[in-house]
């Protein structure tokens with residue numbers, strides 16, 4: 001492993017020179033197999049790797065993350081995909097290994113946001129995952145190793161594609177620091193393992209927390225540990241389905257995550273799955289066309305361009321059809337990186353099928369929030385653990 005790597009630039013192209021190194025003079029715990037990283041690339045790589053690794057540590061199966069701008073667009077463990085999700089994620093023609101399944105789920109959460117993402121997986125990249133990565137608009141991958149055939153496949157991606165190999169046994173020092181405005185801040189590293197103990201203190205009348213609900217609450221919580229705060233995460237079926245990251249108030253976090261979760265579910269509507277795209281239309285174009293279709297409102301000029309994606313203009317999906325489909329979204333898990341201050345967050349979450357919640361607790365209005373959960377029959381645990389990440 002190298003002791004120092006020169007970076008293409010810092011946060012922005014004009015911020016040069018830039019480099020990555022360890023203050024103790026030791027070797028870096030990763031090496032670059034292909035491409036030239038920038039500053040933000042490595043912020044994404046190091047956060048995404050920790051998230052994927054922690055998912056695997058907690059669940060004992062492969063974990064994956066899809067990162068953009070130092071927050072996950074999606075994260076998941078290797079739960080088998082239904083045929084509907086295989087079609088919605090554009091992987092119904094692939095034979096997916098467990099590690100490829102984990103990444104397909106992570107990327108499938110919010111494919112619009114995952115465009116140009118930094119992928120991370122907890123396991124060695126195999127041929128199955130390489131074939132998936134080869135055809136996606138993914139900019140980089142970090143993993144603990146790569147099969148020779150996988151590297152051969154990935155080498156056929158665009159020249160800028162970045163491949164990072166990380167030492168899976170590396171553990172950083174307990175204390176960490178960063179410089180801001182020439183000032184050094186230091187703190188104990190957040191090495192809390194977000195395991196089942198977070199869910200022990202259920203405070204609502206309903207205490208029937210299913211095994212799937214426990215899994216999804218932990219997936220959502222682990223994702224929050226590496227998400228820019230304030231943040232809320234929705235999860236279902238072993239994957240994040242909506243993240244509200246970096247908002248200044250918690251209701252905005254909940255609403256953003258909820259809208260993303262609703263969009264995730266709407267992409268499985270039969271009318272969406274039956275869209276008849278023109279031949280050879282690229283996946284990014286299909287993804288954009290689907291988002292426009294679900295949005296519904298288009299200017300005449302926008303609609304004229306949009307219709308060019310299809311042999312025949314598809315029938316619209318009505319608001320009534322959307323509402324009926326969203327009513328089927330249920331048993332969603334929500335994790336909050338800090339306490340929920342008002343019941344309005346619960347009211348908003350309930351509209352998106354949330355049935356399980358874990359949050360820090362400790363608000364002056366805890367009783368109001370608990371009552372709101374009881375009104376909807378939601379199971380809520382208070383962890384007493386805050387998961388801020390900045």
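The values are calculated or read from the model by the stated rules, or taken from the named source; none is laboratory data. Everything quoted here is computed from the prediction, not taken from an experiment. Every residue, glycine among them, receives a Cβ derived from its backbone with ideal geometry; neighbour counts consider all protein chains shown.
Among the candidates 25, 60, the residue that is outside the structural domain of residue 241 (by TED's automatic domain parsing), at pLDDT below 95 and surrounded by fewer than 24 Cβ atoms within 10 Å (Cβ to Cβ) is uniquely 25.
The set of residues from the range 317-333 being in a loop (DSSP other than H, G, I, E, B) and touching a helix residue (DSSP H, G or I) at 6+ places or on another chain (Cβ under 6 Å) comprises 317, 329. Could you please find all residues in the range 238-249 being more than 22 Å from residue 212 (Cβ to Cβ) and either in a loop (DSSP other than H, G, I, E, B) or out of contact with any helix residue (DSSP H, G or I) (no Cβ under 8 Å at 6 or more places or on another chain) (or both)? If the condition is that a residue be more than 22 Å from residue 212 (Cβ to Cβ) and either in a loop (DSSP other than H, G, I, E, B) or out of contact with any helix residue (DSSP H, G or I) (no Cβ under 8 Å at 6 or more places or on another chain) (or both), then 246, 247, 248, 249 are the ones that fit.
Residues in the range 278-312 that are over 25 Å from the mean Cα position of the chain (by Cα), surrounded by 15 or more Cβ atoms within 10 Å (Cβ to Cβ) and in a helix (DSSP H, G or I): 306 only.
Would you call residue 233 loosely packed, with under 14 Cβ neighbours inside 10 Å, in contact with a strand residue (DSSP E or B) (Cβ under 9 Å, 6 or more places away or on another chain), under 26 Å from residue 256 (Cα atoms) and modelled with pLDDT of 95 or more? No; evaluated as a whole, the condition is false for this residue. The condition of being touching a helix residue (DSSP H, G or I) at 6+ places or on another chain (Cβ under 7 Å) and in a helix (DSSP H, G or I) holds for only one of 235, 257, 223, that being 223. Within the range 163-190, being surrounded by 10 or more Cβ atoms within 10 Å (Cβ to Cβ) and outside any strand (DSSP E or B) holds for 167, 168, 170, 172, 173, 189, 190. Filtering 209, 224 for residues that are within 30 Å of residue 97 (Cβ to Cβ) and in the same structural domain as residue 353 (by TED's automatic domain parsing) leaves a single hit, 224. On inspection, residue 50 does not qualify as touching a residue at least 60 places away in the same chain (Cβ under 8 Å), over 26 Å from residue 154 (Cα atoms) and in contact with a strand residue (DSSP E or B) (Cβ under 9 Å, 6 or more places away or on another chain).
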